[in-house]
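The values are calculated or read from the model by the stated rules, or taken from the named source; none is laboratory data. Quantities reported herein were computed from a predicted structural model and do not represent experimental measurements. For neighbour counting, all protein chains shown are included, and Cβ atoms are generated from backbone atoms with ideal geometry for every residue, glycine included. Keep in mind that these areas ignore ligands, DNA and RNA; they rest on the heavy atoms of the full protein, side chains included. Shrake-Rupley method; radii C 1.70, N 1.55, O 1.52, S 1.80 Å.
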Amino acid sequence: MAMNSRNTQTSRWATYGLNVTVAAVIAIAVVVVVNMMAFRFYKRVDLTATRQYSLSKQTQLVLDELQEDYRVVTLLRQSDPYLQRVHDLVEDYARASGRLAIEHIESDRELTRLDNFYASLTKIYANDLEPLQAAIANGREALDTFRTNTTRQTEVVGQLLENNPPSDEQLHEFLRQIGSVLARIKSNIDEFDAQITSNLDGSLPDYAGASALVGEQLRQYDQRVLAPAVQQLEQSLKTATLSSETQTGLENILGSLRESRSNLRTASRAIDDAPAAESYATVMRQLATNPNCVVIISSDGVEVLGTNQLFRATPSGPNVPDDVEQVEPVFLGEEMLTGTLIKMSLEHPPLVVFVTASRRPTLGRDGLYNELARRMGQIGFQVESWSPLGTMGPMGQPIPAGPLPQASEGQKLVWVIAPVEPPNQRDPMSVQGYQQVQQMVQERMNAGDAMLISLMASPGNVFGKVDPIMQTLETYGVSVALETVMMHEIQDRSRQSLASTQYMVTQWPEESPITGALQGLSGFITFGSPITLRPIEGRDDIKYHRLVELNDPNMWAESEMKGFPHIKPNEETRTNNSLVGVAVETKDNRLIVVADPVWATDDALRIGQLGPNTADITGAVFPANAELFVNSVYWLSGLDQLIGASARSQDLRRVSAIPKGTLSTLRWSFTFGLPALIVASGILVYFVRQRA
């Protein structure tokens, strides 16, 4: 009986052991299979409020269009606070495109790899650097020859002063000084040669610095040493009474100095004529000023982006309220990387010219479009401005207008016409500038140039004045009622009805590629005039894309501004929809018209939660305005493949920040409320069991 019990127990243990073993094997197999499946079918889900770990649609389009391979190298010190974020960002790009090869170098630890990388950059610019390297070598050789000659010339001067000194005391003193200067030249050249060698040593030589040092030495010895010496000796040989031995000695010295001067001047001209290899010098300067950076390398170029360009800390200071949520522009890194890839992939970057007849400039100090010009520059577009009124110099002096900018061969030109304000009839220059811009727009549109025109409501149309721009737009079937402004009713804090010209636009036509990428973004129209499309009979080649529409059931077109904002709705012009932005496409050209004067200016783009010029603190309230402009320029340039939801669209907060009051309530609730709930539940369970 005891034996059977023992056998049963042993059998039970064996069964349990087998079950555990089988379960363990199955668990291990499941883990292995799951990991294999996860490795093979990799998928990430981004649950962050700003989709921080997802690439935008525009970036995907750019990566899909890359025609060559790119090498992306991160150079970061281990202590850099952005190290992991930079690595994650570039790895996202590599996962999205097989055209990118990623390398990570810790610049303060992997010194050998860093030197090898710098050497590879130098090889990229080998052809550009070759003439400059030859000029530097030639200049150093000339200085070395001069150094050797000065030793001999010093001996000749010394012998002359000792054996056949001139009787002229002034000449005697001059020769003594020349001998002293020549004697010091050797040590001076040795010192500068050490500096030049230092510039050229290393895996990333400073050829620009070495060239500057060599050129400076060549000019200094030519102009400050040899030129005065030759001049004085020539004069002395003509005027002084000399013995034949002294004259012969001076002539020998003069000939030697002339020869040295000729050699130095020849080498100096070679330095001046050598191409500066600006691209290499720019990359070297960027690497020197941005030790923590990302380097993007293609077959014919190198771009350097510092981590301070990719990530920017939220602003702080006395002007930033403590109770305001500050928004880090998390889109910035992707925007810069994608913009750089666009810049490097464009064979002929478009030329964008901002045109105005206003006294306020479009670019530069107090410029209307500095923010957009900066974004255009980031993607490699050439940006210029032109005004018939000219510009103001740094000291406030007027600078006459230059000729209209011209596109180079193969380059697309896009004109951006700022709102043309009605001129001051008392200012002849204002009237003339207004007319010149009108004429220029008419001529360039008739020539088939791409153009983006912003319009301003003008009471001049009421009095029957003919506007050449309006005339030209009519030929495309676009009629703009600039004598009216779209208004709608709003209520102030006292619930009084007021008229307003400002609209927030949140719905964008999906049919147009320009605005299809703006879904979910908010825009801002301040003073819009209605646009009517009247298709031209016989012009089947004209296509229209509705871009900006105002939608409001309490909206009307108003031509009388007297009494604003206390204006009653005009029932005759009441409507619930008005078109204020349109794109026109023909077989020959493309045109965009937005009947609002402010939509693309810095005044609109820099509006943040705290008001004007606070977008850097709280984020832009109306990001769609800038995106509309950028997409419009892409479309006008024929770069439709670049139009997509950009990195800035990733900055939309799907989950709003929790207010401080709510956050405090939640904190106290979890600190005291949750334990109290647990205790109450325990007491309830106790009493229930007691009853049972």
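Kindly indicate the residue of the stretch 565-599 that is part of a strand (DSSP E or B) and without any contact (Cβ under 8 Å) to a residue 60 or more places away in the chain and also most open to solvent (accessible area, probe 1.4 Å) among those meeting that condition. Before you say what the answer is, go through the steps one by one.
Within the stretch 565-599, the first condition is being part of a strand (DSSP E or B), and the residues that meet it are 574-585, 590-594.
Narrowing the set further to residues that are without any contact (Cβ under 8 Å) to a residue 60 or more places away in the chain leaves 574-577, 579, 581, 585.
Values: Arg574: 78, Thr575: 45, Asn576: 100, Asn577: 55, Leu579: 9, Gly581: 0, Glu585: 41 Å².
Among those that are part of a strand (DSSP E or B) and without any contact (Cβ under 8 Å) to a residue 60 or more places away in the chain, it is Asn576.
Which numbered condition trips up Pro553, out of (1) more than 40 Å from the chain's Cα centre (by Cα); (2) touching a residue at least 60 places away in the same chain (Cβ under 8 Å); (3) assigned to a strand (DSSP E or B)?
With (1) more than 40 Å from the chain's Cα centre (by Cα); (2) touching a residue at least 60 places away in the same chain (Cβ under 8 Å); (3) assigned to a strand (DSSP E or B) applied to Pro553, the lone miss is (2).
Test each condition in (1) open to solvent by 70 Å² or more (accessible area, probe 1.4 Å); (2) at pLDDT 70 or above for Arg653 and report the one that comes out false.
It is condition (2) that Arg653 fails.
For the stretch 608-646, enumerate the residues that are in contact (Cβ under 8 Å) with a residue 40 or more places away in the chain, in a loop (DSSP other than H, G, I, E, B) and open to solvent by 30 Å² or more (accessible area, probe 1.4 Å).
Gln609, Leu610, Val621, Gly638
List, please: which pairs have Cβ atoms under 8 Å, are six or more places apart or on different chains, and start with a residue in the stretch 441-457 that is over 23 Å from Ser529 (Cβ atoms) and end with one that is open to solvent by less than 50 Å² (accessible area, probe 1.4 Å) and part of a loop (DSSP other than H, G, I, E, B)?
Note: pairs meeting the criteria are Gly448/Asn589; Asp449/Asn589.
Restrict the check to the stretch 277-291 and report whether at least one residue is modelled with pLDDT under 90, open to solvent by less than 60 Å² (accessible area, probe 1.4 Å), under 24 Å from the mean Cα position of the chain (by Cα) and more than 20 Å from Asp115 (Cα to Cα).
So far as the stretch 277-291 goes, yes, one or more of its residues are modelled with pLDDT under 90, open to solvent by less than 60 Å² (accessible area, probe 1.4 Å), under 24 Å from the mean Cα position of the chain (by Cα) and more than 20 Å from Asp115 (Cα to Cα).
Taking the stated definitions as given, is Val214 open to solvent by less than 60 Å² (accessible area, probe 1.4 Å), β-branched (Val, Ile, Thr), at pLDDT below 90 and part of a helix (DSSP H, G or I)? Steps first, please.
Values: open to solvent by less than 60 Å² (accessible area, probe 1.4 Å): yes; β-branched (Val, Ile, Thr): yes; at pLDDT below 90: no; part of a helix (DSSP H, G or I): yes.
Taking the combined requirement at face value, the residue does not satisfy it.
How about the stretch 275-298: which of its residues are touching a residue at least 40 places away in the same chain (Cβ under 8 Å), closer than 21 Å to Gly333 by Cα and in a helix (DSSP H, G or I)? Steps first, please.
The first filter runs over the stretch 275-298 and keeps only residues touching a residue at least 40 places away in the same chain (Cβ under 8 Å), leaving 275-277, 279-281, 283-284, 287, 291-298.
Filter once more, so that each one left must be closer than 21 Å to Gly333 by Cα: 283, 287, 291-298.
Passing the criteria: Val283, Leu287.
Go through the stretch 439-454 and count every residue that is open to solvent by 10 Å² or more (accessible area, probe 1.4 Å) and either closer than 15 Å to Thr475 by Cβ or in a loop (DSSP other than H, G, I, E, B) (or both).
The qualifying residues number 7.
Take the stretch 248-274 and flag every residue that is out of contact with any helix residue (DSSP H, G or I) (no Cβ under 9 Å at 6 or more places or on another chain) and either touching a residue at least 40 places away in the same chain (Cβ under 8 Å) or polar (S, T, N, Q) (or both).
Hits for the stretch 248-274 are Thr248, Ser262.
List the pairs whose first member sits in the stretch 233-247 and is within 16 Å of Leu257 (Cβ to Cβ), whose second member is surrounded by fewer than 12 Cβ atoms within 10 Å (Cβ to Cβ), and whose Cβ atoms are under 9 Å apart, counting only residues at least 6 apart or on separate chains?
So the pair list comes out as Ser236/Gln170.
Looking at the stretch 513-550, which of its residues are assigned to a loop (DSSP other than H, G, I, E, B) and free of Cβ contacts under 8 Å to residues at least 40 places away in the same chain?
We begin by selecting, within the stretch 513-550, every residue assigned to a loop (DSSP other than H, G, I, E, B); these are 517-522, 526-530, 534-542.
Answer for the stretch 513-550, where residues must be assigned to a loop (DSSP other than H, G, I, E, B) and free of Cβ contacts under 8 Å to residues at least 40 places away in the same chain: Glu537, Gly538, Asp540.
Got a sec? Which of Gln153, Gln78 is in a loop (DSSP other than H, G, I, E, B) and among the polar types (S, T, N, Q)?
Details: Gln153 fails: in a loop (DSSP other than H, G, I, E, B).
Step by step, each of Gln153, Gln78 is checked, and only Gln78 is in a loop (DSSP other than H, G, I, E, B) and among the polar types (S, T, N, Q).
Being assigned to a strand (DSSP E or B), open to solvent by 50 Å² or more (accessible area, probe 1.4 Å) and either within 18 Å of Leu287 (Cα to Cα) or at pLDDT 90 or above (or both) is true for just one of Glu91, Glu103. Which residue is that? I'd like the intermediate steps shown before the answer.
Numbers: Glu91 fails: assigned to a strand (DSSP E or B).
Just a single option satisfies the conditions, and that option is Glu103.
Given the structure, is Arg359 assigned to a loop (DSSP other than H, G, I, E, B) and without any contact (Cβ under 8 Å) to a residue 24 or more places away in the chain? Reasoning before the result, please.
Values: assigned to a loop (DSSP other than H, G, I, E, B): yes; without any contact (Cβ under 8 Å) to a residue 24 or more places away in the chain: no.
It is false that Arg359 is assigned to a loop (DSSP other than H, G, I, E, B) and without any contact (Cβ under 8 Å) to a residue 24 or more places away in the chain.
For the stretch 328-351, which residues satisfy the criterion of being within 25 Å of Val621 (Cβ to Cβ) and either modelled with pLDDT of 85 or more or open to solvent by less than 10 Å² (accessible area, probe 1.4 Å) (or both)? It would help to see each step written out before you state the result.
Of the residues in the stretch 328-351, the ones within 25 Å of Val621 (Cβ to Cβ) are 328-336, 338-339.
Scanning the stretch 328-351 gives Gly333, Glu334, Glu335, Met336, Thr338, Gly339.
Can you tell me which residue within the stretch 194-211, out of those that are part of a helix (DSSP H, G or I) and in contact (Cβ under 8 Å) with a residue 40 or more places away in the chain, is surrounded by the fewest Cβ atoms within 10 Å (Cβ to Cβ)?
Initial filter on the stretch 194-211 (part of a helix (DSSP H, G or I)): 194-200, 207-211.
From what's left, in contact (Cβ under 8 Å) with a residue 40 or more places away in the chain: 196, 200, 207-208, 210-211.
Working: Ile196: 21, Leu200: 16, Tyr207: 24, Ala208: 18, Ala210: 21, Ser211: 23.
It comes out as Leu200.
Would you call Arg184 of a type in the set (Lys, Arg), assigned to a helix (DSSP H, G or I) and closer than 30 Å to Ala647 by Cα? Full working, then the answer.
Working: of a type in the set (Lys, Arg): yes; assigned to a helix (DSSP H, G or I): yes; closer than 30 Å to Ala647 by Cα: no.
Criteria not met by Arg184.
Could you check, for the stretch 73-86, whether at least one of its residues is over 20 Å from Gly644 (Cα atoms) and among the basic types (Lys, Arg)?
We begin by selecting, within the stretch 73-86, every residue over 20 Å from Gly644 (Cα atoms); these are 73-86.
If we keep only those that are among the basic types (Lys, Arg) as well, we get 77, 85.
Taking every residue of the stretch 73-86 in turn, at least one turns out to be over 20 Å from Gly644 (Cα atoms) and among the basic types (Lys, Arg).
For Glu510, state whether it is part of a strand (DSSP E or B) and either on the phi < 0 side of the Ramachandran plot or among the polar types (S, T, N, Q) (or both).
Considered against the rule, which asks whether it is part of a strand (DSSP E or B) and either on the phi < 0 side of the Ramachandran plot or among the polar types (S, T, N, Q) (or both), Glu510 comes out as no.
Could we say that Phe629 is of a type outside the set (A, V, I, L, M) and modelled with pLDDT of 90 or more here? First the steps, then the outcome.
Working: of a type outside the set (A, V, I, L, M): yes; modelled with pLDDT of 90 or more: yes.
Against the criterion (of a type outside the set (A, V, I, L, M) and modelled with pLDDT of 90 or more), Phe629 qualifies.
Quick one: would you say Leu498 is hydrophobic (A, V, I, L, M, F, W, C) and free of Cβ contacts under 8 Å to residues at least 60 places away in the same chain? Break it down stepwise before answering.
Details: hydrophobic (A, V, I, L, M, F, W, C): yes; free of Cβ contacts under 8 Å to residues at least 60 places away in the same chain: no.
No: the conditions fail for Leu498.
Going residue by residue through the stretch 573-582, is there one that turns out to be within 19 Å of Leu372 (Cα to Cα), within 29 Å of the chain's Cα centre (by Cα), at pLDDT 90 or above and of a type in the set (Gly, Ala, Ser)? Even if it seems obvious, please write down each step before you answer.
To start, the set of residues in the stretch 573-582 that are within 19 Å of Leu372 (Cα to Cα) comprises 581.
Imposing the further condition that a residue be within 29 Å of the chain's Cα centre (by Cα) reduces the set to 581.
Filter once more, so that each one left must be at pLDDT 90 or above: 581.
After this cut, where a residue has to be of a type in the set (Gly, Ala, Ser) as well, the list is 581.
Yes, the stretch 573-582 has at least one match.
Table: residues versus (1) at pLDDT 90 or above; (2) open to solvent by 60 Å² or more (accessible area, probe 1.4 Å); (3) on the phi < 0 side of the Ramachandran plot; (4) not basic (Lys, Arg).
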site: Arg109; (1), (2), (3), (4): yes, yes, yes, no
site: Thr112; (1), (2), (3), (4): yes, yes, yes, yes
site: Leu121; (1), (2), (3), (4): yes, no, yes, yes
site: Leu129; (1), (2), (3), (4): yes, no, yes, yes
site: Leu132; (1), (2), (3), (4): yes, no, yes, yes
site: Ile136; (1), (2), (3), (4): yes, no, yes, yes
site: Arg140; (1), (2), (3), (4): yes, yes, yes, no
site: Phe146; (1), (2), (3), (4): no, no, yes, yes
site: Arg152; (1), (2), (3), (4): no, yes, yes, no
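Select from the stretch 231-250 the residues that are hydrophobic (A, V, I, L, M, F, W, C) and assigned to a loop (DSSP other than H, G, I, E, B) and write down the one among them that is farthest from Glu155 (Cα to Cα). Please lay out each step first, then the result.
Residues of the stretch 231-250 hydrophobic (A, V, I, L, M, F, W, C): 233, 237, 240, 242, 250.
Now narrow it down to the ones that are assigned to a loop (DSSP other than H, G, I, E, B): 240, 242.
Details: Ala240: 23, Leu242: 20 Å.
Among residues in the stretch 231-250 that are hydrophobic (A, V, I, L, M, F, W, C) and assigned to a loop (DSSP other than H, G, I, E, B), the one farthest from Glu155 (Cα to Cα) is Ala240.
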